[in-house]
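Each remark here refers to the structure printed beneath this line.
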Amino acid sequence: MRHTELWARLEAALGSGYYRHWASSQVLTSLGGRTVSEALADGVSAKAVWAAAREALELPASER
């Protein structure tokens, strides 16, 4: 998964006015206590970040 796909999925799930804020403010324990933005900056794969975000947002399995 590319970063652009991750951002597009987050935007679809959260809305264009909120997804970037959520990604930079919501700390996820499954990302080692980092936000989506921090995890990506630290080199965590977009696929792993999406899995953590999907779980935190309680999105359906069809969003894998």
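Selection of first residues in the stretch 39-63 that are touching a residue at least 40 places away in the same chain (Cβ under 8 Å) and farther than 15 Å from Ala12 by Cα and of second residues that are loosely packed, with under 14 Cβ neighbours inside 10 Å and of a type in the set (A, V, I, L, M), restricted to Cβ pairs under 8 Å at least 6 apart or on distinct chains, gives the following pairs, ordered by first then second residue: Ser45/Met1; Ala46/Met1; Lys47/Met1. Of all positions in the stretch 25-43, none carries a residue that is of a type in the set (D, E, K, R), modelled with pLDDT of 95 or more and under 14 Å from Met1 (Cα atoms).
For the stretch 1-50, the set of residues classified as farther than 21 Å from Ser62 by Cβ and acidic (Asp, Glu) consists of Glu38, Asp42, listed by residue number.
The values are calculated or read from the model by the stated rules, or taken from the named source; none is laboratory data. Remember, it's a predicted structure, so these values are computed and weren't measured experimentally. We place every Cβ from the backbone using ideal geometry, glycine too, and count neighbours over all the protein chains shown.
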